[in-house]
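Q: One structure is given below, represented as structure tokens, and several questions about it will come after.
Bear in mind that the values in this text are calculations on the coordinates, not laboratory data. This one's a predicted model, so the numbers in the text were calculated from it and none came from an experiment.
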Amino acid sequence: MTVSDLGPEAWVTVHPPVDGVTLVVVAGELARPVDATVIEQLMGALDQPGHLLRLDLSQLSFCDLAGLRMLISFQDRAGARGVRVRVVAISEAARMLADLTGMRPFGESGGSEDEPGPAE
């Protein structure tokens, strides 16, 4: 089996919430086809108690439009549940794609919890 048969490899780490804030780290290659397990883990982070989700994308080595689309879907679902998503770190690969496509919510990071976040 070749690497292309395996598809891109990505993984999600969901850290336990602290004071209503959950940290989610997405790493690897977030590209088509996005693994169902990655989607389940990311969407499962929305089941954590809390009101704010900090999304760390600094460990993404690659992100294509399918990966960006999945992140935007995640952001939309979070907003529908009343959970704010704040990108706290973003890799150059993900930032470049966000900039090229005009998807600024995933091209911005940082800020205080009192400032409007990407999901707002």
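Q: Could you give each residue of region 21-34 its phi-based ³J(HN,Hα) in whole Hz, using Karplus coefficients 6.51, -1.76, 1.60 with θ = phi - 60°, and x for Gly or Pro?
A: 10, 10, 9, 10, 10, 10, 9, x, 10, 9, 8, 5, x, 6
Q: Using θ = phi - 60° and the Karplus form 6.51 cos²θ - 1.76 cosθ + 1.60, what ³J(HN,Hα) does each residue of region 47-58 get, whole Hz, x for Gly and Pro?
A: Taking θ as phi minus 60°, the curve returns 7, 6, x, x, 10, 9, 10, 8, 10, 9, 10, 5 Hz for region 47-58.
Q: What are the semi-axes of the equivalent ellipsoid for region 3-106, taken as the square roots of 5 times the Cα gyration tensor eigenvalues, largest first, in whole Å? Mind showing how you got there, number by number?
A: Values: eigenvalues 93, 46, 29 Å².
Computed over region 3-106, the values are 22, 15, 12 Å.
Q: Which whole-number percent is the relative contact order of region 3-106 (Cα, under 8 Å, 6+ apart)? Kindly include the intermediate steps, with their values, before the conclusion.
A: Working: 190 pairs, mean separation 27.1, N = 104.
Worked out over region 3-106, it gives 26 percent.
Q: A further question follows. By how many nm would the segment from E29 to T101 grow when fully extended, if each residue of separation counts as 0.36 nm and the alpha-carbon distance is taken off? Spell out each step's value before the answer.
A: Details: separation 72, 0.36 × 72 = 25.92 nm, distance 1.81 nm.
Using 0.36 nm per residue and subtracting the Cα-Cα distance, I get 24.1 nm.
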